[in-house]
Amino acid sequence: MKGLGCNKDKVIQALCTICNWQRQEVAKAFKQQYGKDLIGDLKSELSGDFEGLVLALMEPPLGNAYYVKTIRCQQLHKAMAGLGTRESVLIEIMTTRSNAQIQELKYTYKQLYGSELKEIVLQCGSLRANQDARALYRAGEQRLGTDESSQCYFAAQNMAQLRLVFQEYQTFRHSDGLLAIVKSIRSRPGFFAELIHKSMVGLGTRDNDLIRLIVTRSEIDLADIRNIYPSLFNTSLEKAIAGDCSGAYKEGLIALVKGN
């Protein structure tokens, strides 16, 4: 970032090939050595989607529980702001969390925005070990998003049994929210691979979604997502990104994918 312009390749090499904890240490060392705020300098030097990607990478580590809850609430709030509601974002966040995590999100959301999150929490009818797929379908159709007390606690269920129920469940018509729960339990990497794919198909790329998905899954299961992607979409994740993105933004995303 010294002199005219910014060497984006070096920014990628320095920040996109290391883990979040190391990036936080780089920011501290930058402050000590140059007396400047690294994030502030990055904001002044970068622009567009590449700036969005780099700033997302510089956010506090996912090990920070309060940060995780805060950023998820911000994403939910943004998804509901303005004209229309980004249901795909709500489904992505709410159907991949346990009941305990959802309760924490509701509490944090109320603290941040002064309103209740329960209106957008995806809910479904109770799921017990002896319920069959048709009962799950009926409970879901009748109670999704209406009965807070009947919210599923999938983490307490036998996973092998759930998979068998879900095989039968797919013969019925079902909602996007329940389908997302089914997919995320059957294969979490496959579920997120599909979300990443959807962010890049059609006219244009939903870059905010793509950045959020790649950054939040890095250091968690991005390597698994990368491995399963070709079997689902007949191309590698790197090639998919290269076909829809460009410049330093593209190179930064690919560096993250390869680094995991």
Exercise. Residues being at pLDDT below 90 and assigned to a helix (DSSP H, G or I): count how many of those fall in the range 201-212.
Key: 3
Quiz item: Looking at Lys2, is it modelled with pLDDT of 95 or more and either assigned by TED's automatic domain parsing to the domain that holds Ile254 or over 25 Å from Met200 (Cβ atoms) (or both)?
Solution: no
Quiz item: Looking at (1) in a helix (DSSP H, G or I); (2) modelled with pLDDT of 75 or more; (3) surrounded by fewer than 14 Cβ atoms within 10 Å (Cβ to Cβ), which is the one condition that is false for Ser149?
Solution: (2)
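The values are calculated or read from the model by the stated rules, or taken from the named source; none is laboratory data. Predicted, not measured: the structure shown is a model, and the values here were computed from it. FYI the Cβ positions are ideal-geometry reconstructions off the backbone, even for glycines, and counts take in every protein chain you see.
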